[in-house]
Amino acid sequence: MFESCSYLFLQQYWWVIVSVLAALFIFLTFVQGGQTLFSALSKNEEEKSMLVNSTGRKWEFTFTTLVTFGGAMFAAFPKFYSTSFGGAYWVWIAILFCFIIQAVSYEFRKKPGNFLGSKTYETFLYINGSLGVFLVGVAVGTFFTGSAFRLNEMNQVEWLNNTRGLEAVFNFQNVALGLAVFSLARVLGSLYFINNIDDDVIYHRSKKQLIYNTIIFLIFFLTFLIQLMLKDGFAYDKGGIVTIEPHKYFHNLLEMPLVLIIFLAGVLLVIAGIGISIFGKNKKGIWLSGSGTVLTVFALFLLAGFNHTSFYPSTADLQSSLTIENSSSSKYTLTAMSYVSLFVPFVLLYIYFAWKAIDKKKINREEMSDSEHKY
Amino acid sequence: MIADIDLALVDWSRAQFALTAIYHWFFVPLTLGLSFMIAIMETIYVQTGKEEWKRITKFWMKLFGVNFAIGVSTGIILEFEFGTNWSNYSWFVGDIFGAPLAIEGILAFFLESTFIAVMFFGWKKVSKKFHLTSTWLVAFGSNLSALWILVANSWMQYPVGMQFNPETARSEMLNFWEVLLSPVAVNKFLHTITSSYVVAALFIICVSSWYLLKKRELMLAKKSIILASVFGLLSALFVAFTGDGSAYMVAQKQPAKLAAMEGLYQGKEGAGLIVFGALKSGANKNQEDNFHFKMEVPKMLSLLGYRKTDAYVPGIKDLTDGNVERNIMSAGEKMEKGRLAISSLSSFKKFKKSKEEIKADSALQVFRANSQYMGYGYLNDPDSIIPNVPITFYSFHIMVGLGALFILLFMVTLYLSIKDKLDGKKFLLKLLMLFLPLGFIASESGWIVAEVGRQPWAIQDLLPVAVATTHIDATAVMTTFILFAVLFTVLLIAEIKIMLNQIKIGPKGGENV
């Protein structure tokens, strides 16, 4: 089946898959966003317990999606893996630290003799939800703004900035995206709590947080978007030669109408989810905004990699820039991996059923008092 | 060739990977083994409907949860470390190595993370059968994830199903099934997971022995010991069987590792297998006797390694200096060929760029003729193909010795627990508790043999570790090494303290089950 596909088709297919994983990951950062709202939404231990247990039952999905995204990038676009992870060392290490400390925090927070105390684990969760998510946004920002690196004839990376990736934090557009992703995570976190916790107090406080964070999100997202539409981009021709093209990403939107539709639909859904939650009593805004997030991020990744665009540009040596064509695995590997990708719908299906089973009954104060396994 | 490589960087990169892998491996064996034993316990509960088995299941599940969290925490760095610290490696083999990691994520991690939520939080929310299925899926998911990472590791020890592509300067996959089903991969997977089951069984026996000593949770302790002893005994026997298969594969594919494992400096026919011994501090390949003392089983190494009692087992001297009589090429000769491969590859790329096709073809032919030795071309010294002998030798013998001891231990605990004779045997119960650290030592030793034993290679014969690292300042890696060391140590202390507390609290706040 996949054997008869062209190499380019497989490269594009795998870019679509990693884009879906990235989009799902950003949606699932509602866990991280929720973690930064624990203090704002709770006034006592019981309330905090509901919040922690609410995100605590989902954190592994976010974590696993990140790990799978990494694996898929390694398998499908190994040159990105070696260039970006090896080059932008400190940014990736910082992100990893933020996720390492998350993984233990839920389980250890309330356990007797946890050595560091509950507050420390709550701080870990806050760092994961704030710095971790912000840095992910910054790292994705470099897909559009580029980094200073060069590849030699053996494709080994030479990173030309001594700060090894931290320089990305000093680029305003990267920071705008980082803050947009951070505030979006808090928006999604608020929506998730509204949906997942059956408690009036939490509901009203979440609604307030939703309003504040929506404003911040819109400011930074629009800043990033306007800059993106106005900026020059990194295009490549049929021979793989990379050049600077004015308004490349704006052109991409116009030249790929389907992507434009997905992007607009995504943005509208995000706004609709927020709208029905703020202006009505509907508690299902997370599903609209969540789907919208997936579509929007998916479209942004297609903008970054499709239509002859370099998805990981080098500002120091244009010809070292990575494209989905020059950074992918061999045709054989992409073909073999494509068969594995057929399992993805099955995976999504069982996640859906398991999630539904666990969320059948919303979290409430009563459950917190008699639950045997709680965080 | 390695002169321009910062050896401090290589050492720190290796140290960091070793540190993070060793820490991660403290938790993985328990996850792999406990998940199955918990699934068996819950199956008994569902089959018999006896509430005591539900309480037993829930108790071990609680300990499993504590361990699982830190296992996940220490695991994420390993995947990304291939990119951050071994970026040249990532490009060189990403076409092959990346695939198992991606499959691990798609097929195994999601299975594990989805159903673990049901396992912990679904007791009152889903049916008994759905819950039991979830518990089994967690066990299969975690073991399936081990399969893929072990396939990837095996490929580094025995690279098959691929070809180096001079155009892209990387190895590319030719046959997925050869990678997945290579005999090294099959053996490594079975050996590693079953050895993990042994550690998990020792954990259950250790905790249960403590309860018996304290005369608490007697029913839980006794039932758990019987189950763990059966599970542990079957696993330990299988470990011995697959250990033989693994050693056989090492003999065939990594002779330098085998020589280091046995401290065999000079090759011989009908070589004996050392049961125990002590290497002299100045042991070297030009010395006849390199042991202070040793006890060996005659001809056993030849038999195990080559299935013939009089087979010739090459020693370190044969592998570095060569042995014409035995048709063994010297490392020096391989280095010459390797250098020819590297220089012809460089010429090929240069001629390709200048579009001199005939010259490019001729350079390519030279490259193809020598490409299997390419990795040797990066080495400076023939002796560098030999791993650290004392570390490999002692780790191997500690692993094997303890493995044999565990078989005996499980037999004893099974017999005594069936006869209900463990009560009141204070000395024995204290002794049983000591076996848990020994289990960890054996398990970590196994990895030390596998990884130290294959030095200097990141990928056997193709890519030395010195070339595989990311080009970055050594102080950056030293800094992250320290950060990881501090963070993981703190988390380990927290985990142990929590675990001990949970054991002390017991299944129902201390009341008897």
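Residues in segment B:375-392 that are in contact with a Leu (Cβ under 6 Å, 6 or more places away or on another chain) and either surrounded by 18 or more Cβ atoms within 10 Å (Cβ to Cβ) or among the hydrophobic types (A, V, I, L, M, F, W, C) (or both): how many? Break it down into steps so the answer makes sense when it comes.
We begin by selecting, within segment B:375-392, every residue in contact with a Leu (Cβ under 6 Å, 6 or more places away or on another chain); these are B:375, B:390.
Add one more test, that the residue is either surrounded by 18 or more Cβ atoms within 10 Å (Cβ to Cβ) or among the hydrophobic types (A, V, I, L, M, F, W, C) (or both), and what stays is B:375.
Residues flagged as in contact with a Leu (Cβ under 6 Å, 6 or more places away or on another chain) and either surrounded by 18 or more Cβ atoms within 10 Å (Cβ to Cβ) or among the hydrophobic types (A, V, I, L, M, F, W, C) (or both) within segment B:375-392 amount to 1.
For the condition touching a residue at least 40 places away in the same chain (Cβ under 8 Å) and under 17 Å from A:V20 (Cβ atoms), what is the one hit in A:G273, A:G290, A:G266, A:G285? Full working, then the answer.
Values: A:G273 fails: under 17 Å from A:V20 (Cβ atoms); A:G266 fails: touching a residue at least 40 places away in the same chain (Cβ under 8 Å); A:G285 fails: under 17 Å from A:V20 (Cβ atoms).
The unique qualifying residue is A:G290.
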Exercise. Out of (1) assigned to a helix (DSSP H, G or I); (2) free of Cβ contacts under 8 Å to residues at least 24 places away in the same chain; (3) within 27 Å of A:L254 (Cβ to Cβ), the odd one out for A:I215 is which?
Worked result: (3)
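In segment A:2-47, what residues are part of a helix (DSSP H, G or I) and among the small types (G, A, S)? Spell out the reasoning first.
Going residue by residue through segment A:2-47, those that are part of a helix (DSSP H, G or I) are A:7-28, A:30-35, A:38-41, A:45-47.
Of everything in segment A:2-47, those that are part of a helix (DSSP H, G or I) and among the small types (G, A, S) turn out to be A:S19, A:A22, A:A23, A:G33, A:G34, A:S39, A:A40.
From the list B:F36, B:F59, B:F109, B:F64, exactly one residue is among the hydrophobic types (A, V, I, L, M, F, W, C) and either without any contact (Cβ under 8 Å) to a residue 12 or more places away in the chain or facing chain A (nearest Cβ under 7 Å) (or both). Which is it?
Working: B:F36 fails: either without any contact (Cβ under 8 Å) to a residue 12 or more places away in the chain or facing chain A (nearest Cβ under 7 Å) (or both); B:F59 fails: either without any contact (Cβ under 8 Å) to a residue 12 or more places away in the chain or facing chain A (nearest Cβ under 7 Å) (or both); B:F64 fails: either without any contact (Cβ under 8 Å) to a residue 12 or more places away in the chain or facing chain A (nearest Cβ under 7 Å) (or both).
Criteria check complete, one pass: B:F109.
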Exercise. For segment A:305-345, which residues satisfy the criterion of being within 22 Å of the chain's Cα centre (by Cα) and either among the basic types (K, R) or part of a helix (DSSP H, G or I) (or both)?
Worked result: A:G305, A:S341, A:V344, A:P345
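Test A:F99 against the criterion of being closer than 27 Å to A:F221 by Cα, of a type in the set (F, W, Y) and at the interface with another protein chain (Cβ under 7 Å from one of its Cβ atoms), and give yes or no. Write out each step before concluding.
Working: closer than 27 Å to A:F221 by Cα: yes; of a type in the set (F, W, Y): yes; at the interface with another protein chain (Cβ under 7 Å from one of its Cβ atoms): yes.
So A:F99 passes the test.
So, in segment B:300-310, of the ones that are surrounded by 18 or more Cβ atoms within 10 Å (Cβ to Cβ) and not hydroxyl-bearing (S, T, Y), which residue ends up farthest from the chain's Cα centre (by Cα)?
So the residue we want is B:L303.
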Exercise. Is it the case that some residue within segment B:478-495 is of a type in the set (F, W, Y), more than 14 Å from chain A (Cβ to nearest Cβ) and closer than 26 Å to B:L150 by Cα?
Worked result: no
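Pick from segment B:118-137 the residues that are within 8 Å of another protein chain (Cβ to nearest Cβ), assigned to a helix (DSSP H, G or I) and more than 28 Å from the chain's Cα centre (by Cα): which of them is surrounded by the fewest Cβ atoms within 10 Å (Cβ to Cβ)? It would help to see each step written out before you state the result.
In the first step, residues of segment B:118-137 are kept if they are within 8 Å of another protein chain (Cβ to nearest Cβ); the result is B:118, B:120-123, B:125-126, B:130, B:134.
With the extra rule that they be assigned to a helix (DSSP H, G or I), the set shrinks to B:118, B:120-121, B:130, B:134.
Checking which are more than 28 Å from the chain's Cα centre (by Cα) leaves us with B:118, B:120-121, B:130.
Working: B:V118: 24, B:F120: 25, B:F121: 22, B:F130: 16.
So the residue we want is B:F130.
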For this session: Determine whether A:E122 is surrounded by fewer than 23 Cβ atoms within 10 Å (Cβ to Cβ) and in contact (Cβ under 8 Å) with a residue 60 or more places away in the chain.
Result: yes
Seminar exercise, completed: Among B:K504, B:K421, the single one that is surrounded by fewer than 19 Cβ atoms within 10 Å (Cβ to Cβ), part of a helix (DSSP H, G or I) and out of contact with any Gly (no Cβ under 6 Å at 6 or more places or on another chain) is B:K504
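Does B:I149 satisfy being within 14 Å of chain A (Cβ to nearest Cβ), in a helix (DSSP H, G or I) and either under 30 Å from B:D244 (Cβ atoms) or in contact with a helix residue (DSSP H, G or I) (Cβ under 9 Å, 6 or more places away or on another chain) (or both)?
Numbers: within 14 Å of chain A (Cβ to nearest Cβ): yes; in a helix (DSSP H, G or I): yes; either under 30 Å from B:D244 (Cβ atoms) or in contact with a helix residue (DSSP H, G or I) (Cβ under 9 Å, 6 or more places away or on another chain) (or both): yes.
It is true that B:I149 is within 14 Å of chain A (Cβ to nearest Cβ), in a helix (DSSP H, G or I) and either under 30 Å from B:D244 (Cβ atoms) or in contact with a helix residue (DSSP H, G or I) (Cβ under 9 Å, 6 or more places away or on another chain) (or both).
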Problem set entry | Residues that are hydrophobic (A, V, I, L, M, F, W, C), surrounded by fewer than 20 Cβ atoms within 10 Å (Cβ to Cβ) and more than 14 Å from every other protein chain (Cβ to nearest Cβ), drawn from segment A:164-178 | A:V169, A:F170, A:F172, A:V175
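Determine whether B:I498 is within 23 Å of A:A103 (Cα to Cα), in contact with an Asp or Glu (Cβ under 9 Å, 6 or more places away or on another chain), assigned to a helix (DSSP H, G or I) and within 14 Å of another protein chain (Cβ to nearest Cβ). Talk me through it step by step, then tell me what you get.
Details: within 23 Å of A:A103 (Cα to Cα): yes; in contact with an Asp or Glu (Cβ under 9 Å, 6 or more places away or on another chain): yes; assigned to a helix (DSSP H, G or I): yes; within 14 Å of another protein chain (Cβ to nearest Cβ): yes.
Yes.
Among the candidates B:S346, B:S354, B:S371, single out the residue that is of a type in the set (S, T, Y), closer than 18 Å to B:R170 by Cβ and free of Cβ contacts under 8 Å to residues at least 12 places away in the same chain. Quick ask: steps written out before the conclusion?
Numbers: B:S354 fails: closer than 18 Å to B:R170 by Cβ; B:S371 fails: free of Cβ contacts under 8 Å to residues at least 12 places away in the same chain.
Unique residue meeting the criteria: B:S346.
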Exercise. Restricting the search to segment A:77-96, which residues are of a type in the set (A, V, I, L, M, F, W, C), assigned to a helix (DSSP H, G or I) and more than 7 Å from every other protein chain (Cβ to nearest Cβ)?
Worked result: A:F80, A:W90, A:V91, A:A94, A:I95
For this session: May I ask you to list pairs of residues, at least six apart or on different chains, whose Cβ atoms are under 8 Å apart, with the first in segment B:382-397 being over 18 Å from B:D11 (Cβ atoms) and the second being charged (D, E, K, R)?
Result: B:P382/B:D321; B:F393/B:E262; B:F396/B:E262
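Just checking, does segment B:157-172 include any residue being within 30 Å of B:F348 (Cα to Cα), touching a Gly at 6+ places or on another chain (Cβ under 8 Å) and either part of a helix (DSSP H, G or I) or not aromatic (F, W, Y) (or both)? Don't jump to the end; show me each part of the working.
Narrowing segment B:157-172 to residues within 30 Å of B:F348 (Cα to Cα): B:157-172.
Those still in the list that are touching a Gly at 6+ places or on another chain (Cβ under 8 Å) too: B:170.
If we keep only those that are either part of a helix (DSSP H, G or I) or not aromatic (F, W, Y) (or both) as well, we get B:170.
Scanning segment B:157-172, I find at least one residue that is within 30 Å of B:F348 (Cα to Cα), touching a Gly at 6+ places or on another chain (Cβ under 8 Å) and either part of a helix (DSSP H, G or I) or not aromatic (F, W, Y) (or both), so the answer is yes.
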For this session: Please find, among B:D310, B:D244, the residue that is more than 28 Å from B:S384 (Cβ to Cβ), in contact with a helix residue (DSSP H, G or I) (Cβ under 9 Å, 6 or more places away or on another chain), among the charged types (D, E, K, R) and not in a helix (DSSP H, G or I).
Result: B:D310
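State which residue is nearest to A:D199 (Cα to Cα) when the search covers only segment A:43-71 and only residues that are small (G, A, S) and facing chain B (nearest Cβ under 8 Å). Step through it out loud before you land on a result.
Quick first cut of segment A:43-71, residues small (G, A, S) only: A:49, A:54, A:56, A:70-71.
When the remaining residues are screened for being facing chain B (nearest Cβ under 8 Å), the result is A:70-71.
Values: A:G70: 37, A:G71: 39 Å.
Step by step, filter segment A:43-71, then rank; the result is A:G70.
Taking A:Y375, is it among the aromatic types (F, W, Y), loosely packed, with under 15 Cβ neighbours inside 10 Å and more than 9 Å from every other protein chain (Cβ to nearest Cβ)? Walk me through it before giving the result.
Details: among the aromatic types (F, W, Y): yes; loosely packed, with under 15 Cβ neighbours inside 10 Å: no; more than 9 Å from every other protein chain (Cβ to nearest Cβ): yes.
It is false that A:Y375 is among the aromatic types (F, W, Y), loosely packed, with under 15 Cβ neighbours inside 10 Å and more than 9 Å from every other protein chain (Cβ to nearest Cβ).
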Exercise. Is it true that B:A102 is at the interface with chain A (Cβ under 7 Å from one of its Cβ atoms), within 29 Å of the chain's Cα centre (by Cα), surrounded by fewer than 24 Cβ atoms within 10 Å (Cβ to Cβ) and part of a helix (DSSP H, G or I)?
Worked result: no
Seminar exercise, completed: Of (1) at the interface with chain B (Cβ under 7 Å from one of its Cβ atoms); (2) in a helix (DSSP H, G or I); (3) modelled with pLDDT under 95, A:F115 fails just (2)
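What number of residues within segment A:154-173 satisfy the criterion of being assigned to a helix (DSSP H, G or I) and under 20 Å from the mean Cα position of the chain (by Cα)?
Filtering segment A:154-173 down to residues assigned to a helix (DSSP H, G or I) leaves A:166-170, A:172-173.
Remaining after also requiring under 20 Å from the mean Cα position of the chain (by Cα): A:166, A:168-169, A:172-173.
The total comes to 5.
Please specify each residue of segment A:50-60 satisfying the condition of being part of a helix (DSSP H, G or I) and surrounded by fewer than 22 Cβ atoms within 10 Å (Cβ to Cβ). Write out each step before concluding.
Start the filter on segment A:50-60 by keeping residues that are part of a helix (DSSP H, G or I), which leaves A:50-56, A:59-60.
Of everything in segment A:50-60, just one residue is part of a helix (DSSP H, G or I) and surrounded by fewer than 22 Cβ atoms within 10 Å (Cβ to Cβ), namely A:N53.
The values are calculated or read from the model by the stated rules, or taken from the named source; none is laboratory data. What you are looking at is a predicted structure, and each value in this text was computed from that prediction instead of being measured. Cβ: placed from backbone, ideal geometry, glycine included. Neighbour counts: every protein chain shown.
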